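The values are calculated or read from the model by the stated rules, or taken from the named source; none is laboratory data. Note that this is a predicted model, so its numbers are computed, not measured. All Cβ positions, even for glycine, are placed from backbone atoms using ideal geometry, and neighbour counts span all protein chains on display. Accessible surface areas use protein heavy atoms only, side chains included; no ligands, DNA or RNA. Shrake-Rupley method; radii C 1.70, N 1.55, O 1.52, S 1.80 Å.
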Amino acid sequence: MPNPSPHSAPLLEWFAQARRDLPWRATLDPYHVWLSEVLLQQTQMERGVAYFQRFVARFPDLASLAEADEQDVLKLWEGLGYYGRARNLLKAARIMAAEHGGRVPDDHAALRALPGVGGYTAGAVLSIAYNRDVPAVDANAERVLARLHDVEQSPRDAKGKRLFARLAQELIPPGRAREINQAVMELGALVCLP
């Protein structure tokens, strides 16, 4: 097993002090984590939290969302834009209800097969909800990793994606993916700004 990154311990210490109190962090329920990740795509955190609270109040679990009428979901989504995300949210919930025993899958391939779930979302759900030692690389993480490692490579092309995924993976102390991935994203959101 490779030596842990020298950046991991300071990031974890910082996160223990600076982490925001976000509702999905209170339970780490896979449904809540997945829902928050979908809602936060292209959305500011404050708005995302408000929408998350509305969604959980109306659809407290995966089963209730899977049974929802599309118009109810779209109405609740109003103001977030990109309505394809709302439709994919509902489609994914229905697939999970029908094919995954009403659970958010804890398997990368199964998550990626869901509508609206890309590599970042799959990594975030696996690491945050299930504490799997996989990276979750969003724009915040890319920025932090680029600065930590003085990387000029674009994260947008295939070579860059592989590089940033490797750097993120190297940061993960075994059994600490949940914390380190959130620490990196949090640092990018609060301190290491564009």
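When Leu76, Leu80 are checked against the criterion of being closer than 19 Å to Pro23 by Cβ and not in a helix (DSSP H, G or I), a single residue qualifies: Leu80. Residue count for region 141-184, restricted to those that are in contact (Cβ under 8 Å) with a residue 60 or more places away in the chain, crowded, with 16+ Cβ neighbours inside 10 Å and not hydrophobic (A, V, I, L, M, F, W, C): 5. Could you tell me whether Ser5 is assigned to a loop (DSSP other than H, G, I, E, B) and touching a helix residue (DSSP H, G or I) at 6+ places or on another chain (Cβ under 7 Å)? Criteria met by Ser5. Residues that are more than 22 Å from Arg54 (Cα to Cα), hydrophobic (A, V, I, L, M, F, W, C) and at pLDDT below 95 are absent from region 90-100.
A single member of Glu13, Glu37, Glu78, Glu70 is under 30 Å from Ala146 (Cα atoms) and open to solvent by 50 Å² or more (accessible area, probe 1.4 Å), and it is Glu13. Of note, Gly102 satisfies the criterion of being outside any helix (DSSP H, G or I), in contact with a helix residue (DSSP H, G or I) (Cβ under 9 Å, 6 or more places away or on another chain) and not β-branched (Val, Ile, Thr).
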